[in-house]
Amino acid sequence: MPGRIRAISWSQILSPVAASNTTQSPLRQSRLPRSCLSANLTPADPAQPGERLSSNSPPKADLFVTCIIDQLYPQVGVSVVRVLRRLGVDLSFQEDQTCCGQPLYNAGYSKKARTLARRVLDTFEDSEYVVVPSGSCAAMMRVFYLDLFRDDPAMLKQAELLSSKVYEFSQFLTSVLGAEDTGSTYSGTATYHPSCHLLREMKVRDEPQSLLRSVSGLELTDLPGAETCCGFGGAFSIKFPHISEGMLADKVENVVSTGADTLVSCDMGCLMQIGGGLSRQDSEIKVRHLAQVLDQDHSSNS
Amino acid sequence: MADIKTKDFSKASAVSILDPQLRRALRQVGTGFDAARRAAIDEVSPKLWDEWREEARRIKIHSLDHLDYYLDLLEQNVTKAGGHVHFAKDAAQANDIMAELVRTRNIKIATKSKSMVSEELSLNPALEAQGVDVYETDLGEYIIQLAEETPFHLVAPALHKTKEQVAQLFTDKLGIPYNDDINALAAAARLALREKFLQADLGISGANFLVAETGTLVIITNEGNGRLSTSAPRIHVGITGMEKVIPSLQDLAVFLRLLPRSATGQRITSYVSMITGPRRADDEDGPEEFHLIIVDNGRSKMLADPDLREALYCIRCGACLNICPVYQKVGGHAYGWVYPGPIGAIVTPSLVGLKEAQDLPQASSLCGACREVCPVNINIPRMLLHLRQKSAESPDPSERSAGLVPNLLAEGYTRVMRSPALLSASHKLGRWQQNVWAAMPFFPFSKKGGMIRKASLPLLSRWTRMRDLPELPKETFRDIWKKDLKEGP
Ligand code: SF4
């Protein structure tokens, strides 16, 4: 071959790696990289539908109310309590609960997030079930805690235990209570916005809609582009308002195009965003958490 | 390396989001590419598709876990086939190797098929500095080369240009009469490039895959330019990242099924070229020399980082861009460097430095649509979070980049949320503040129908630009619980 191109070998280009490791290239050690396998982050399987129905004692559950419902939308929390009690759940609320830590975790402050997560793990240590009326906070406790404590085996064990007990509201209704028809009534046309974490982290896709379909007097219409994010994303909505608003504009346009009078979702974060956008346009469309729609039962209507 | 403008993400995205022509172009990525991808998956069945994805992921995990072994094997087999392998630690070294090649072989004209890595290295200016005329031969790349821009999209680099703009560009740069008929434009490019193919002494290509077992470079294209670039000139240089190596031809099969379907919805691309060494004695044509430049340029650092290694599994199909609601709003150039979209938001900070590109991992609502479509199931949102963690808390000060305000907010938030009493107190304080403001003559809020329409306050004003905000209610849920709910229904 003509010419003399400088010959170096792969071990030279990989030297930054080798240098950080005295004896052996980490290449040879890392047969099982810690967190690039999602296998260790897969949450426990949800209970089989109807699992609880055969049991005689009513299911005991703790409510994790979420900050946004506690502080901004307390009536949603009230509806959650009423629906769960109506379905026979022995429900309690630990009054010293605060935040699951998701805003900190999402912003990269995982040490601080762990501080709050530890409180949650302690608070719900003895719970049989923890019901969370938010796909996002539920995903935090069910999925992301496992990432948050990945380097702390003792805490990870506790996190795994909690993970197996955490259910998002609609998921709890369908998977644990086996509820198909909550005996609810609502008059109007509704469309459903699936929140991203509920859909993609909690893998809850059809449950809320099947519950909505069982509500008498409610007509459910499809939302175009339903599975596209509304642009909330927590701090994202403040950090990059122009992008968040662009995403919101599409969502609002799609919601309006359905002709529905009510927009239903399982996350008040999304509903604060979409509701805020609708309200800015002086739209008459109401935004409701699923629990609020299920709250009215036949008896209270008659 | 290509000019890095990643620091301008916020400003650049605020401009691009308002560009009506980009809006139109970007609608295509959802309705065109993504719809085609979905149709292709439905055709094979989503279940089988998931099996392919899992298999592809397994192959990538294995290949990267044993990268040293497979790079060795690849080098041996390329050499055995009569080719030469060069390893480059960084962009400078890669460009030096190229420079030495063109100097010693007296090369004047080079044709190039599409290569993102060469964009990353700024190979074209380096070659031009050696007196070599370089011609991009992928139509999209050719257009952006004439326009002196960076790729807008991994798969469709000139997606943002209208046919009218391309026609004008051709008139300006090629001196041909204006004609915005798409076929005429393609014909004009073909005419201009055909001549270059015949004159070129050097053909440069990227690689979609490198097969270790056989020493084969694989490129898949739709225009045939890759095959011309790699066979007509007397020298062929393949240049690519070291993560492209896979063990065997058998492993290649699953990627050939996944990549075109994910990228454009095609079952297979028009051309799949597998190149093993230079021409052999009994070959009728082909290059006399074959060189393969394998580039690190920051990849070994990603490999060593368990939180980022997964990004090296990427096969650059662009599906995550097409589904990403942020990319669909801001487009490719706002990302400020070579790799746009969700995967770009991971690769770019990893290669150019997190401090240089700290906005990119933040500019995501973490909706997870990217992960759902990725043919190798890369957990993009998780890596964005890990990059955010490095920004906020990395022990390495060169990575830590979060500002004072976010740090203070995080600290304050943690303190309040650590204590239920403080949380109650701050709600009361907020209520009081809200009432005081309501009573003030210069009210920083304007309200309508129980919602706050405009809040002239830091942070909140960013919310109320286009969204109304609920007022703080009188009672929190925990107040109501204690009062009405605790004792049962
Ligand atoms: S990250 Fe996945 S979806 Fe995105 S370009 Fe790479 S392979 Fe395609």
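The values are calculated or read from the model by the stated rules, or taken from the named source; none is laboratory data. Computed from a predicted model, the values in this text were never measured in an experiment. Cβ coordinates were reconstructed from backbone atoms using ideal geometry, including for glycine residues, and neighbour counts include every protein chain displayed. Just so you know, the surface numbers come from the protein's heavy atoms only, side chains and all, with ligands and any DNA or RNA stripped out. Shrake-Rupley method; radii C 1.70, N 1.55, O 1.52, S 1.80 Å.
Of the conditions (1) assigned by TED's automatic domain parsing to the domain that holds B:Gln130; (2) touching a Leu at 6+ places or on another chain (Cβ under 7 Å), B:Val29 clears all except one; give me its number.
Just one mismatch for B:Val29, condition (1).
Looking at (1) more than 16 Å from the ligand (Cβ to nearest atom); (2) within 18 Å of B:Gly241 (Cα to Cα); (3) crowded, with 23+ Cβ neighbours inside 10 Å; (4) at the interface with chain A (Cβ under 9 Å from one of its Cβ atoms), which one does B:Lys301 not meet, given that it meets all the others?
So the condition that B:Lys301 fails would be (3).
In the stretch A:117-212, which strands (runs of 3 or more DSSP E) lie fully inside it and hold 2 or more residues that are open to solvent by 20 Å² or more (accessible area, probe 1.4 Å) and not small (Gly, Ala, Ser)?
Per the criteria, A:185-192.
Can you pull out every residue in the stretch B:254-273 that is open to solvent by less than 100 Å² (accessible area, probe 1.4 Å), over 21 Å from the mean Cα position of the chain (by Cα) and either among the aromatic types (Phe, Trp, Tyr) or away from the ligand (no atom under 16 Å from the Cβ) (or both)?
B:Ser270, B:Tyr271, B:Val272, B:Ser273
Do any residues in the stretch B:261-277 that are over 16 Å from B:Ser229 (Cβ atoms) and not assigned by TED's automatic domain parsing to the domain that holds B:Val373 have Cβ atoms under 6 Å from those of residues that are assigned to a loop (DSSP other than H, G, I, E, B) and within 16 Å of the ligand (Cβ to nearest atom), where the two are at least six apart or on different chains, and which pairs are they?
Partner pairs satisfying both residue conditions: B:Ser262/B:Cys317; B:Ser262/B:Pro375; B:Ala263/B:Val155; B:Ala263/B:Cys317; B:Ala263/B:Gly318.
Cβ-Cβ below 6 Å, separation at least six or inter-chain, first residue in the stretch B:162-185 and aromatic (Phe, Trp, Tyr), second surrounded by 15 or more Cβ atoms within 10 Å (Cβ to Cβ): which pairs?
Here the result reads B:Phe170/B:Ile176; B:Phe170/B:Ala188; B:Tyr178/B:Ala167; B:Tyr178/B:Thr171, each pair linking the stretch B:162-185 to a residue that is surrounded by 15 or more Cβ atoms within 10 Å (Cβ to Cβ).
Suppose the filter is in contact with a helix residue (DSSP H, G or I) (Cβ under 7 Å, 6 or more places away or on another chain), open to solvent by less than 10 Å² (accessible area, probe 1.4 Å) and either within 24 Å of A:Glu207 (Cβ to Cβ) or not small (Gly, Ala, Ser) (or both); does A:Leu84 pass it?
It is false that A:Leu84 is in contact with a helix residue (DSSP H, G or I) (Cβ under 7 Å, 6 or more places away or on another chain), open to solvent by less than 10 Å² (accessible area, probe 1.4 Å) and either within 24 Å of A:Glu207 (Cβ to Cβ) or not small (Gly, Ala, Ser) (or both).
Can you name the residue in the stretch B:390-407 that is in a helix (DSSP H, G or I) and within 8 Å of chain A (Cβ to nearest Cβ) and is also modelled with the lowest pLDDT among such residues?
B:Pro406
In the stretch B:365-389, how many are open to solvent by 20 Å² or more (accessible area, probe 1.4 Å) and either within 7 Å of chain A (Cβ to nearest Cβ) or part of a helix (DSSP H, G or I) (or both)? Please lay out each step first, then the result.
Just the residues of the stretch B:365-389 that are open to solvent by 20 Å² or more (accessible area, probe 1.4 Å), to begin with: B:371-372, B:377, B:389.
Imposing the further condition that a residue be either within 7 Å of chain A (Cβ to nearest Cβ) or part of a helix (DSSP H, G or I) (or both) reduces the set to B:371-372, B:389.
The number of residues fulfilling the criteria is 3.
Can you spot a residue in the stretch B:289-297 that is at pLDDT 95 or above, near the ligand (Cβ under 10 Å from one of its atoms) and open to solvent by 10 Å² or more (accessible area, probe 1.4 Å)?
No, the stretch B:289-297 contains no residue that is at pLDDT 95 or above, near the ligand (Cβ under 10 Å from one of its atoms) and open to solvent by 10 Å² or more (accessible area, probe 1.4 Å).
If you take the residues in the stretch B:274-288 that are within 14 Å of chain A (Cβ to nearest Cβ) and over 13 Å from B:Leu210 (Cα atoms), which one is farthest from the ligand (Cβ to nearest atom)?
Among residues in the stretch B:274-288 that are within 14 Å of chain A (Cβ to nearest Cβ) and over 13 Å from B:Leu210 (Cα atoms), the one farthest from the ligand (Cβ to nearest atom) is B:Glu288.
Just the residues that are within 12 Å of chain A (Cβ to nearest Cβ) and among the acidic types (Asp, Glu), please, taken from the stretch B:43-98.
B:Glu54, B:Asp65, B:Asp68, B:Asp72, B:Glu75, B:Asp90, B:Asp96
Pull up the stretch B:3-17, narrow it to residues that are among the hydrophobic types (A, V, I, L, M, F, W, C) and open to solvent by 60 Å² or more (accessible area, probe 1.4 Å), then point me to the one that is modelled with the highest pLDDT. Break it down into steps so the answer makes sense when it comes.
Keep residues of the stretch B:3-17 that are among the hydrophobic types (A, V, I, L, M, F, W, C), which gives B:4, B:9, B:12, B:14-15, B:17.
Filter once more, keeping what is open to solvent by 60 Å² or more (accessible area, probe 1.4 Å): B:4, B:15.
On the way: B:Ile4: 88, B:Val15: 93.
If we take residues in the stretch B:3-17 being among the hydrophobic types (A, V, I, L, M, F, W, C) and open to solvent by 60 Å² or more (accessible area, probe 1.4 Å), then B:Val15 is modelled with the highest pLDDT.
In the stretch B:454-470, which residue that is more than 7 Å from chain A (Cβ to nearest Cβ) and buried (at least 16 other Cβ atoms within 10 Å of the Cβ) is nearest to A:Gln273 (Cα to Cα)?
Ranking the qualifying residues of the stretch B:454-470, first place goes to B:Thr464.
Does the stretch A:242-258 contain at least one residue that is assigned to a loop (DSSP other than H, G, I, E, B) and within 14 Å of chain B (Cβ to nearest Cβ)?
No, the stretch A:242-258 contains no residue that is assigned to a loop (DSSP other than H, G, I, E, B) and within 14 Å of chain B (Cβ to nearest Cβ).
What number of residues within the stretch A:268-302 satisfy the criterion of being modelled with pLDDT under 95, outside any helix (DSSP H, G or I) and touching a strand residue (DSSP E or B) at 6+ places or on another chain (Cβ under 7 Å)?
Result for the stretch A:268-302: 2.
Which of (1) open to solvent by less than 20 Å² (accessible area, probe 1.4 Å); (2) closer than 30 Å to B:Ile343 by Cβ does B:Leu409 not meet, given it meets every other one?
If we test B:Leu409 against (1) open to solvent by less than 20 Å² (accessible area, probe 1.4 Å); (2) closer than 30 Å to B:Ile343 by Cβ, just (1) comes out false.
If you take the residues of the stretch B:305-356 that are more than 13 Å from the ligand (Cβ to nearest atom) and among the acidic types (Asp, Glu), which of them is most open to solvent (accessible area, probe 1.4 Å)?
Per the criteria, the residue is B:Glu356.
What's the total number of residues in the stretch A:83-111 that are among the charged types (D, E, K, R) and facing chain B (nearest Cβ under 7 Å)?
Number satisfying all stated conditions: 4.
Looking only at residues that are in a loop (DSSP other than H, G, I, E, B) and away from every other protein chain (no Cβ under 11 Å) in the stretch A:213-232, which one is surrounded by the fewest Cβ atoms within 10 Å (Cβ to Cβ)?
Ranking the qualifying residues of the stretch A:213-232, first place goes to A:Asp222.
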